[in-house]
Every structure is written in structure tokens, then in C-alpha cells.
């Protein structure tokens, strides 16, 4: 018995360390807490039947290892991976192939749908699905759904309530202990799911048949909702297209300013700069003209200079609807499968989809405001600089008095 206790203590420490080393935030259901609860329930059910110590050891070890495969592989293959993890541990601790084989069979028995034959197999199956008959099934079911979404298994959460109901209806408790303790609770959970599904689908056939014109009213309401929905989509599309067009116009204006002033600067550097070596009075107007053109180009470049954000997101951001997937700056560093999962999640949620479209339009508006503000400033600088430069050139030319050549009278032209 002491050998059994030592082995169980080692197994518990090993499994807890595995969950710590391979920590996965996506496992919101198949985590260490779930494993510990299954172990507790194995003890609870087994103590009712007073099974022998060796059989209890096999059951407890199977309970500790039965979900370790989730840490390293996909849900579909996790039982076999759990068996492999258990075998690697057991061969270092106990050279007992029969014991290892029995534990492996118990772990594989947790695959749904099970077909238990022995009391041991019934106990491990009931311990693993014990929560089906508890009042907190709603919370554990939500955790299971969230885990599947986080693990990129979106197809499995479609019609989740119906699938959960089908699972509960197909499931059965095998031990008389769990049937007596949990069956009524499971029946209540089935009723809750049925009620939720009926409420969601609006199944009220008798009311539809009894109220005259009900179908026509519902059809008219659907048509109206469809028109409203189409109107909203058209509004969002046109607004987005208008913003993009305005952005293109702003880029075009900036490009004109850059091109014109680049030509002006090249002319100043190639012609006027050489000229001021002779006509020094043109120095100040030339540098005013050069400075205004340079300032205009810098401001125009700032208007068109792109700003790129961090380029990635977390799954929590998607579940919390806190990131806009329609803007490339939020996803360009993300792997394609992650972006695909995120887009599929968003497209199944109309509120998230519409809020993302609205957010995208708002971000376009913010960028446009900055662009047009800088372009307006660039045009103002160019206009004022051009005006001041022209005035400076006119003043310099008018004020400047060319020096007359000095003739020396003491020198004879015939000398």
C-alpha cells in the first residue's frame, strides 16, 4: 500500500508539473482544475463500491493522466497522447506492463462514446462526465465552447446548444451511484437547453396558426428588416468608398506640391545659387524661396507618410471584440490560420462585424483629418513663401544700385 501511495504522489506531482511547463491559456476547460476534479470523483465513486486498492490505483492514475494529451496535441488525438505520456512516466517508476496496460485501457475508455464493461470502466466514464448532472453545467459548457474557439475548432461550436443537447441525450451514467445522484440534475440541464433553443428559434407554431395574418405580418417585418439591413450595408460601403477617394485626392495634392517644389529647388540650386555670387543682393530672396519650398515638401511628405501599428492581435482581443480586423495594421504580422479563425469568428457575430466596419470608417476619418490638415498647412506655407519671395526679389532689384566703373583722370590715354 505504501508503494501505491508513493506512486500516486509521484504521479500527481508529475502531472501538475506538466500542466505548469506546458501551460496553455486556451485550455479553459481541460485544465489542471478539471483533472483534479475527475480524480476527486474517482475517489468518491470508488469509495462507494469499496473497490480493491490496486484497482483504485489504476483508476486514480488513469484520472491523473487522462487529459495530459491536450497539452501537446489536438483534441481528436489527445487520448492516445495521454496514454503515451502515462507509459513514459510509468516505465521510469514501475516495471509492470500489466498495470500500464490496464491504465491505458481506462484512459482510452474516456473517448466518446464509451462502451464500459467493467465497474472500473464505468467509474472512470462517470467521473469524467460527472459535471453533466451538476447545476454548474452551464458554466462548464461555456468554458468548453470557449476552449474550442480558442483552439481554432470553429466548426464544432456551430449550433452549440443543439450539439450540447444531443450530447446530453446520448450520454448515460453507468454506475448506480451516479444514476441516483446525478440523473435528475442532468435531466434539468436537458430541459434548460431545450428551453433556450426553443426561445432562440422562436418556435411558437400554435400562436402562428391561431392568429390571423400572423404569417403576413412576420413576412412584412422580415422584408422591412432586410431593407433596413441592406440600407445600412449600402451606407457603410459608400461612406468607406468616399473616405478612400478623399484619401486618394489628398495623396494627389501632396504629390503635386512635392513635384512642383522639387523642381523649384533644383532650379534655385542650379541657377540662382551661382547667380548670387555675382548679384549678392539676391541672396536673401533666394534663401527665402528655397526655405519655403523645402518646408512645403517636408510637410507634404509628412501628410503622406504612413503610420504602421504593431500588426498582431491575441485571441482574447477577438473574443472581447477589441480589435479591428479590417485594418491591415492590426494583423499583418499574424499567421494566416489565426487571421482566418479571427475573421470567421467576427463574421458569425453581426454586432462585431458592424462595429468593425464603423471603427474602420472612423479610423479612415482620423487619417484623412491629419492628411488634410497637413496639406492645408503645406499649401499655406507654399503660398506665403512664394508671396514673400517675390516681394523680396522685387525689393532687392529696386533697391539695388549697380556700381559705376571708376575712371582715373590722371592717366593719359596716350601713355
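Quick note: the coordinates plus some simple rules give every number you see, no bench work behind them. Predicted model, so just to flag it, every value in this text is computed and none were measured. A quick note on method: Cβ atoms are made from the backbone with ideal geometry, for glycine too, and the neighbour counts reach across all protein chains shown.
Using only alpha-carbon positions in the range 18-70, the gyration tensor eigenvalues give semi-axes of 25, 11, 6 Å once each is multiplied by 5 and square-rooted (largest first). Computed over the chain, the percent of Cα pairs more than 41 Å apart is 51. With a simple spin-label model that places each label point 7 Å from the Cα along the Cα-to-Cβ direction, the separation between residue 97 and residue 362 comes to 6.7 nm.
Between residue 301 and residue 230, what FRET efficiency follows from the Cβ-Cβ distance if R0 is 41 Å, with the result rounded to 0.05? For residue 301 and residue 230, the calculated efficiency is 0.50. A full extension of the chain between residue 166 and residue 140 corresponds to an added length of 7.7 nm, given 0.36 nm per residue minus the alpha carbon distance.
Counting neighbouring Cβ atoms within 10 Å and putting the fewest first, the residues 274, 370, 315 line up as 274, 370, 315. The calculated pair-distance distribution of the range 349-405 uses every alpha carbon pair, bins of 10 angstrom beginning at 0, and gives 19, 20, 17, 14, 12, 9, 5, 3, 1 percent.
Taking other Cβ atoms within 10 Å as a rough exposure proxy, 390, 399 sort from fewest to most as 399, 390. Taking the chain as a Gaussian network of alpha-carbon nodes connected by springs under 10 Å, the highest mean-square fluctuation of the residues 254, 262, 342 belongs to 262. On full extension, the segment bounded by residue 10 and residue 237 gains 75.5 nm, given 0.36 nm per residue less the C-alpha separation.
Helix content alone sets the calculated 222 nm mean residue ellipticity of the chain: runs of n ≥ 4 DSSP H residues at -39500 (n - 2.57) each, divided across all residues, give -24000 deg cm²/dmol. The three principal axes of the C-alpha atoms in the range 231-399 carry coordinate ranges of 75, 34, 19 Å, sorted with the longest axis first. Between the helical axis of 160-170 and the longest alpha-carbon principal axis of the chain there is an angle of about 10 degrees. To the nearest 0.05, how large is the calculated FRET efficiency for residue 384 and residue 21 if R₀ is 41 Å and r is the Cβ-Cβ distance? Here the calculated transfer efficiency is 0.05. Label the range 2-201 by shape, choosing from rounded, prolate and oblate, from the square roots a ≥ b ≥ c of the eigenvalues of the Cα gyration tensor; if a/c is under 1.5 it is rounded, and otherwise prolate applies when a/b is larger than b/c, oblate when it is not. Here the range 2-201 falls in the oblate category.
Modelled spin labels at residue 373 and residue 199, positioned 7 Å past Cα toward Cβ, are 4.8 nm from each other. With the highest mean first, a sort of the peptides 141-153, 351-363, 234-246 on other beta-carbon atoms found within 10 angstrom per residue produces 141-153, 351-363, 234-246.
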